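Q: Have a look at this one before I ask anything.
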Amino acid sequence: MAQGLNRRQIGVTTAMIDSYGELIFEMSHNKQSRRGDPIRELDFDAIEATRHERGMSDGQIGEQIGLSEMQVMYIRAMMERRRFHTNHFQRLLELGGGKRFREERFTAHEERFQYHDDALALRDAMSFDPARARHYSEQGWWNNDTLSGLLARHAADRGAAAAVIQGETIISYADLLHRVDRLAGGLHGLGLGRGDVIAVQLPNVEEYVISYLAIARLGAVMTTLYMPHREREFETLLGHSRARALICLADAGGFPAAQAALNLKLPKLQRVIAIGEPVTGAVPFEDLAGTSTGADSLDLPLPVAADPMLLLYTSGTTASPKAVPHNSHTMLGNGRLGVGAHQLGPDDVIMSAPPFGHLFGLYALHMSLHNGAANLLLPSFTPPDLAAAIEAGRATALLAAPAHLAACLGLGLFDKHDCSALKIVILSGSAVPEEMARAASAKLPNCEITQLWGMTETQGGLYCRPGDGIEISATSAGRPAPGAEARIGEDGELQVRGSMLFPGYFDNPDANAAAFTHDGWFRSGDLAAQDGNGNFAITGRIKDIINRGGVKYNPREIEDLLDSHPAIAQSAIVPMPDKILGERACCFAVPTDQGGDPEISLDTLCAYLLGHGIAKTKLPEHLVLLDEMPLTPTRKIIKGRLPLPETG
Amino acid sequence: MGDDDVANATEFDAREAKKAILDYCLGKGALAAGVADLDALERIAPPGHRPSDIMPKVKSVISLGVGGQTQGAWAVPAKAMGYFGSTETRAYTISYGAAFFIESKYQTPAIYCPPDMDNEKGPRVPLQSLKLHAEVAGIGARSLAGDILLHPEFGYMYFASIFTELDLPPDRPMAQNPCPAPSCVSMYRQIGRTPCQKFCPVQCLSGKIDEAGKQAEMHYDMAACAEISQQYEAVPALLAEAMAAEDAQGREEALFDPDNKMLWYKMSVGSGGLLAQCFECMRVCPIATKAPLADPIRRSKAKAEA
């Protein structure tokens, strides 16, 4: 209505608004210009000549373009409404108190805080039981720690301290913050932002740490690809995670990772960022890292702890991927609480033998960042490289898989290198052979050899503490981590819950239905036993149980015996379908350097086992010799990939 | 008031009356006051917005300005600063009193000029331009900051007007425009923009300075400025959003999300924040913030030194 009259009564039509709206808007007071200072100078000729520029009244506009004043007024009001942005007021909320608007650094409020649909879907997966969430917060297990916050804090408090050590290169916390800020700004410039999934396939090099922290600074989510992953895994994991970018090597040991990702033409994958030689179509990492505008100068919003920060894959690299989302509450809380439990401090040098693509590697990195300690990088594992790096970097804490340590022991590397700075070794990733733990303890007498049990879903769920002694730490995975609870189910399965537990698999309802008990405990799939002091020993995997004609047994003890056979480097026993008995045991073995030894046969191995008191019903009934086992990044045998022989 | 105080129409001295009225305004707290040339106003203002449209027998328009901000105000966050000023009641109180003073002392009709919007023309069109009155009365000059008036001594002020049928001798507009300040000219020479233009949150200001360091062009996107400073316009917009929402959740968000709940709050209490000004251009203006008598601290120091 205008002056009590509606649109029809004053003769305004949609066509008129469309035809004259822009013109009227421009001629009105909404757009004002002035040339010189004619009013102050009372230069009436100039005032009249420039009246149209200063913004005309509705009546004056009407006279000029041939509409009534009321029509102009109505059309102008409609145009003002159409043009009005209700959210511009919010810009004021960030100004003042010494802070001024900077156009060159400005990103529209709504753009800075925009989430893509995929990002919102991932956020939607971060659903926790409200009572548990409240409990974790009240206990202080969940706080607002974020990687960005930790990095900024250490850069401010102890900026000169070493954050990352790679060979001769030492990156201080202050420098790390600077480089992270720049890369985050560069990633932002590519259109990447909060909630976006960014994949990383890199070895444990400084660019990994910088990339991870830059992704975190953006409030984006990192998903990891293992170095052995190729096109098939790329397609599955990048597709399932809806990754919008991939940071990888141009040449990953002969595999053209960046080019392979580009060739897939995945619809969601907008950017491939390559380290190394230029790749057509890929963005050079160096360009982004060298950007002149960092995230802080862009005033990008800081992430908060409830934001998802990681999306890790546990299995199913080709079908039905199990994607594990974590936010800073679950992920960083576990690391923060672990620092105290493992008795680590800011002067420690923490090293991970597993890759950062694996959760155990990230656990080491998170503990460094919680402490402001140094993280010693091992780009790729070989036993000599590991031992040499421990010596050169004066590592005080080593996180490793049993296989890493066993290899070093086997080669006598702890005799050849000074590893005396080590005060704790945390073993995880696969079952820890008791004898190996004892041998390591004997070789490193001033070092605590401890076990940690964890999964991508649970992180560090159980672990031994310094001071437990080798009797406990060689035979058990210790007690629940702070914030964690563990119990053994009716079927002997280890079940856990706690502040470190993931909320559920992303986009995999079938897996979720199987993963949790009705009362919310996570079914680990591991078999465990608990001693009177509360220590849990992992005894096997439920799915490894062999059911031979109704007689069920865990092959773990047989594998341990076979692994101690002088002619066998690694062994695995898996159930093999059988028409009569249902299942029989099939033994896979990798011979030692004497691999061609004719003595390795099913008969000789069975005799060996019988000699060690193994019941006949548990003897393997097939033997397959392999050159190497399929291994996880923590060098755990992937039994599902062992090639079962054809059976009659 | 005794009989002696009532001026006899036959003994009316326009100059003395003008002085008495302006002294009244200054005595009540105005920093500056003057009389605008009515003929000029009638020629410059568009039809419907001329003084005679409000008061047909008007002979004089008196304009006064009060201090804009305290010195401390310039440092507060913008969201708090939005509550400073806008509807500056001190100026209106003085002008209201001045109208009473004129009628009482001179037995001549006077009105306090309504400072608000024209009921007929909608909320972006004022009844009168108080800015025009002040400029013609010589107590402010148009700046590059969207024609906000500035004074070389008092910086940034709020204005109010009184109309009267008393015929008072008019003042002249300022001989010089203090905007742009030398430092602004220097910045313009370097980057092509003055501080007010550079730091406007919606970039609604632009313009040019000539070789002599004077204003050559001023461009002001008032619509953009309104988007950041006039929240009342958001009220119908959010109601429209709620009506257009696809479902109950959308309607709930449109009506009750934190921003919109704040609008309801401001409406319910008549909060000045609903009409919040954005002071970012003035915050960086050396005249507004650093003129010799721009704030109470500077004024009291100057008074003490004098």
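Here, each number is a calculation from the coordinates, and none is a lab measurement. On a predicted model such as this, the values are computed, not experimentally measured, just so you know. In this analysis, Cβ positions are derived from the backbone assuming ideal geometry, glycine residues included, and neighbour counts consider all displayed protein chains.
Q: For segment A:545-641, taking Cα atoms only, what is the radius of gyration to one decimal and the Dmax to the nearest whole Å?
A: Values for segment A:545-641 (Cα only, Rg and Dmax): 13.0, 38 Å.
Q: Classify segment A:98-148 as rounded, prolate or oblate, taking a ≥ b ≥ c as the square roots of the eigenvalues of its Cα gyration tensor: rounded when a/c is under 1.5, otherwise prolate if a/b is larger than b/c and oblate if not.
A: Judged from the Cα gyration tensor, segment A:98-148 comes out oblate (a/c at least 1.5, b/c at or above a/b).
Q: Which net charge results when you count Lys and Arg as +1 and Asp and Glu as -1 among the other residues whose beta-carbon is under 13 Å from that of A:Asp418?
A: +1
Q: Still on this structure, I have one more. Counting other Cβ atoms within 10 Å, which trypsin sites (Lys or Arg not before Pro) in segment B:21-87 have at most 10 and lie in a DSSP loop?
A: Answer in residue order: B:Lys57.
Q: OK, next. Treating segment A:518-587 as a set of equal point scatterers at the Cα positions, no solvent, please give the Debye-formula log₁₀ I(q)/I(0) at q = 0.26, 0.29 Å⁻¹.
A: Reported log10 I(q)/I(0), two decimals: -1.12, -1.20.
Q: Using amide H atoms built in the peptide plane, which far-off residues or other-chain residues are under 5 Å from A:Leu527 H to H?
A: Hits under the 5 Å cutoff: A:Leu494, A:Thr539, A:Gly540, A:Arg541, A:Ile542.
Q: Please tell me which of these pairs span more than 24 angstrom C-alpha to C-alpha: B:Lys28/B:Lys266; A:Lys618/A:Lys639; B:Lys28/B:Lys214?
A: From B:Lys28/B:Lys266; A:Lys618/A:Lys639; B:Lys28/B:Lys214, over 24 Å: B:Lys28/B:Lys266; B:Lys28/B:Lys214.
Q: Along each principal axis of its Cα atoms, how long is segment B:199-306 end to end? Whole angstroms, biggest number first, please.
A: Projected onto its principal axes, the Cα set of segment B:199-306 covers 65, 39, 16 Å.
Q: Let me have the 222 nm mean residue ellipticity of chain B computed from DSSP H runs of 4+ only, each contributing -39500 (n - 2.57), with the sum over all residues rounded to the nearest 500.
A: Only helices count here, giving -11500 deg cm²/dmol.
Q: Going by Cα centres, segment A:476-531 and segment B:57-128 are how many Å apart?
A: So the two Cα centres are separated by 71 Å.
Q: I would also like to ask the following. Output the relative contact order of chain B, whole-number percent, from Cα pairs under 8 angstrom with separation of 6+ residues.
A: 22 percent
Q: Ok, one more. Report, in degrees rounded to the nearest 10, the 0 to 90 angle that the Cα long axis of helix A:434-443 makes with the longest principal axis of chain A.
A: Once rounded, the angle reads 80 degrees.
Q: Here's something else I'd like to know. In segment A:561-648, which trypsin sites (Lys or Arg not before Pro) are in a loop and have at most 15 other Cβ atoms within 10 Å, using DSSP for the loop call?
A: Passing both the DSSP loop test and the Cβ count: A:Lys579.
Q: While we're on this one: Calculate the FRET efficiency for B:Arg15 and B:Lys301 from the Cβ-Cβ distance with a Förster distance of 41 Å, rounded to the nearest 0.05.
A: 0.80
Q: Percent of Cα-Cα pairs per 5 Å bin, from 0 to the last occupied bin, for segment A:221-286, please list those.
A: 3, 20, 34, 27, 13, 2
Q: While we're here: Per residue and in Å³, how big is the convex hull formed by the alpha-carbon atoms of the protein assembly as shown?
A: Hull volume over Cα atoms, normalised by residue count, gives 235 Å³.
Q: Tally Lys and Arg at +1 and Asp and Glu at -1 over the other residues with C-beta under 12 Å from the C-beta of A:His342: what net charge comes out?
A: 0
Q: Using Stokes-Einstein with the Kirkwood hydrodynamic radius over Cα pairs, what translational diffusion coefficient do you get for segment A:7-83 at 10 °C and a viscosity of 1.306 mPa s, in µm²/s rounded to a whole number?
A: Translational D for this selection: 121 µm²/s.
Q: Right, something else. Whole-Hz ³J(HN,Hα) for each residue in segment A:623-628, computed from phi via Karplus 6.51 cos²θ - 1.76 cosθ + 1.60 with θ = phi - 60°, x for glycine and proline: what do you get?
A: Result, rounded to whole Hz: 10, 10, 8, 10, 6, 7.
Q: On C-alpha positions alone, give me the angle between the axis of helix A:359-371 and the longest principal axis of chain A, in degrees, nearest 10.
A: The angle comes out near 60 degrees.
Q: Using Cα pairs under 8 angstrom and six or more residues apart, how large is the relative contact order of chain A, in percent?
A: Once normalised by length, the contact order is 9 percent.
Q: Could you let me know the centre-to-centre spacing of segment A:188-230 and segment A:274-303, using Cα atoms, in angstrom?
A: The two parts, judged by their Cα centres, are 11 Å apart.
Q: If you don't mind, there's one more thing I want to ask. What are the semi-axes of the equivalent ellipsoid for segment A:56-152, taken as the square roots of 5 times the Cα gyration tensor eigenvalues, largest first, in whole Å?
A: So the equivalent ellipsoid measures 50, 20, 13 Å along its semi-axes.
Q: Using Cα pairs closer than 8 Å and at least 6 residues apart in sequence, work out the relative contact order for segment B:190-306, in percent.
A: Relative contact order of segment B:190-306: 23 percent.
Q: Something else: Give or take rounding to whole Å, what are the principal axis extents of the alpha carbon atoms in chain B, in descending order?
A: For chain B, the Cα spread along each principal axis is 74, 47, 40 Å.
Q: Tell me the Rg and the Dmax, in Å, that the Cα atoms of segment A:418-510 produce.
A: Over segment A:418-510's Cα set, Rg and Dmax evaluate to 15.2, 50 Å.
Q: Per DSSP H run of at least 4 residues, take -39500 (n - 2.57); add these up for chain A, divide by its residues and hand me the 222 nm value, nearest 500 deg cm²/dmol.
A: -9500 deg cm²/dmol
Q: Tell me the Kirkwood radius of segment A:147-536: reciprocal of the mean inverse pair distance over distinct alpha-carbon atoms, in Å.
A: It works out to 21.2 Å.
Q: Where the centre of each part is set by its Cα atoms, how far does segment B:179-208 sit from segment A:35-98, in angstrom?
A: That distance is 21 Å.
Q: Under the Karplus relation 6.51 cos²θ - 1.76 cosθ + 1.60, θ = phi - 60°, what is the ordered set of whole-Hz ³J(HN,Hα) values for segment B:225-240, x standing for Gly and Pro?
A: Values per residue, Gly and Pro as x: 4, 5, 4, 9, 10, 10, 6, 4, 5, 6, 4, x, 5, 6, 5, 5 Hz.
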